[in-house]
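Colleague: Before we start, here is the structure in question, set down as structure tokens.
Throughout, read-outs are computed from the coordinates displayed, never taken from laboratory work. The structure presented is a predicted model; accordingly, all values stated were derived computationally and were not measured. Here the Cβ positions follow ideal geometry from the backbone for every residue, glycine too, while neighbour counts run over all protein chains shown.
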Amino acid sequence: IKIDPLSNDNIFYVSRSPYATVFPRCAAVVHHGGAGTTQSSLLAGRPSVVVAHIADQIFWGSELRRLGVAGKTLQRKSLTYKSLADAIIYVLSRPELTVNAEALGKKIAKEDGVSTAVRIIEQHFVNDHG
């Protein structure tokens, strides 16, 4: 990973990098709430601040809140610097959100999605065609 000279003790600036490299370095992840980014933030064990643009992002933001790893979902169309700052402060001032996110991240990391998918597909074809 190439760290940009604009980085300092409080800001980690990179032009491009995989989420798996960046998110673990963050105290919290501010993102749009898409399924992939949501999964990456969970796997990194970091709480989220979701700024939703469309319907599925609102859903994922609500799920993150239900799981105890995020605050209230923000709407992009009504976002202000103050509402974003308040949401970040909310998440960072609640250690239980980080504890929950870390625990959930460890649980997700133990999953073997490929093997599970293979088992389900094989069961389907054996049961339906065998």
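Colleague: Which residue pairs have Cβ atoms under 8 Å apart, sit 6 or more places apart or on different chains, and have a first residue in region 81-96 that is in contact (Cβ under 8 Å) with a residue 12 or more places away in the chain and a second that is exposed (fewer than 15 other Cβ atoms within 10 Å of the Cβ) and not in a loop (DSSP other than H, G, I, E, B)?
Modeller: none
Colleague: So which pairs qualify, if the first residue must be in region 25-45 and assigned to a strand (DSSP E or B), the second must be surrounded by fewer than 22 Cβ atoms within 10 Å (Cβ to Cβ), the Cβ gap must be under 6 Å, and the two must be at least 6 apart or on different chains?
Modeller: His31/Thr37
Colleague: Any residue at all in region 16-24 that is in contact (Cβ under 8 Å) with a residue 12 or more places away in the chain, crowded, with 20+ Cβ neighbours inside 10 Å and not aliphatic (A, V, I, L, M)?
Modeller: For region 16-24, residues in contact (Cβ under 8 Å) with a residue 12 or more places away in the chain, crowded, with 20+ Cβ neighbours inside 10 Å and not aliphatic (A, V, I, L, M): present.
Colleague: Mind listing whichever residues of region 1-60 are closer than 21 Å to Gln75 by Cα and among the small types (Gly, Ala, Ser)?
Modeller: Residues of region 1-60 that are closer than 21 Å to Gln75 by Cα, as a first pass: 28-42, 46-60.
Residues satisfying the conditions are Ala28, Gly33, Gly34, Ala35, Gly36, Ser40, Ser41, Ser48, Ala52, Ala55.
Colleague: Could you pull out the residue among Tyr81, Tyr90 that is more than 13 Å from the chain's Cα centre (by Cα), surrounded by 14 or more Cβ atoms within 10 Å (Cβ to Cβ) and over 17 Å from Pro24 (Cβ atoms)? It would help to see each step written out before you state the result.
Modeller: Values: Tyr81 fails: surrounded by 14 or more Cβ atoms within 10 Å (Cβ to Cβ).
Step by step, each of Tyr81, Tyr90 is checked, and only Tyr90 is more than 13 Å from the chain's Cα centre (by Cα), surrounded by 14 or more Cβ atoms within 10 Å (Cβ to Cβ) and over 17 Å from Pro24 (Cβ atoms).
Colleague: Given (1) under 12 Å from Leu42 (Cα atoms); (2) in contact (Cβ under 8 Å) with a residue 24 or more places away in the chain; (3) assigned to a helix (DSSP H, G or I), where does Lys107 come up short, assuming only one miss?
Modeller: Failing condition for Lys107: (2).
Colleague: Now, a different point. Would it be correct to say that Glu102 is out of contact with any Cys (no Cβ under 7 Å at 6 or more places or on another chain), surrounded by 14 or more Cβ atoms within 10 Å (Cβ to Cβ) and of a type in the set (Asp, Glu)? Talk me through it step by step, then tell me what you get.
Modeller: Numbers: out of contact with any Cys (no Cβ under 7 Å at 6 or more places or on another chain): yes; surrounded by 14 or more Cβ atoms within 10 Å (Cβ to Cβ): yes; of a type in the set (Asp, Glu): yes.
Against the criterion (out of contact with any Cys (no Cβ under 7 Å at 6 or more places or on another chain), surrounded by 14 or more Cβ atoms within 10 Å (Cβ to Cβ) and of a type in the set (Asp, Glu)), Glu102 qualifies.
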